[in-house]
Structure formats: C-alpha cells, structure tokens
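Read through the structure below, which is laid out as structure tokens, and then see the notes.
FYI, it's all coordinate maths here, none of it is from the lab. Just so we're clear, the structure is a prediction, and the values are computed from it rather than from any experiment. Cβ: placed from backbone, ideal geometry, glycine included. Neighbour counts: every protein chain shown.
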Amino acid sequence: MEYKAFRCLDCKVISVFSASVSDGMSCLDCGGFITPLVNAKVHGEKISKMTINVEVNTKQLDKALKKAEKLAKAVADLNMEINNLGSE
Ligand SMILES: [Zn+2]
C-alpha cells in the first residue's frame, strides 16, 4: 500500500493519505490547503488512523528539526517553481 504525505500550508501539520484517495484532500487538522511532500510506504502493520504522529527521541530532535527545515525549504522552492510555471 502506498501513501502520500502532505504538509498543510496553514498549520504545517503533516497529513498522510493512501495514494488512491489523496487527490483533492485537505488538511486533516484545520482543513487548509496541503502540498505534497513525498510518497510514503508503510511496511508491516496496517495504519488504522489517517494521521501519523511522529515521535522522535529527544537526542535526535535537533537532527529531525534540521531535516524538517530542509524539507520545508524544498517544498517552498517547489511551490515557487510551480507558481512560475503557472504564470508563463
Ligand atoms: Zn492545517
């Protein structure tokens, strides 16, 4: 089963949907506009809830935050490119 992760432009919450239903979905938390992050694959147990809470070890928190910042920047750059394409 393939899942897609989306980040809310308003509240920054990550929402994960099964790839087959991901079109036209909005933020699970606030209903805001979401932008795709990555394709996510789930190995093993089925996901029963549509939201995933990511828990990180406090020692790895800095690392995780840096990764999240990089990811956010990549998404912002991508949005900019998409917007540029749209205006051509
Ligand atoms: Zn939201």
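The set of residues in segment 19-34 that are surrounded by 15 or more Cβ atoms within 10 Å (Cβ to Cβ) and polar (S, T, N, Q) contains only Ser22. When segment 5-38 is filtered for residues that are assigned to a strand (DSSP E or B) and away from the ligand (no atom under 14 Å from the Cβ), the ones remaining, listed by number, are Ser18, Pro36, Val38.
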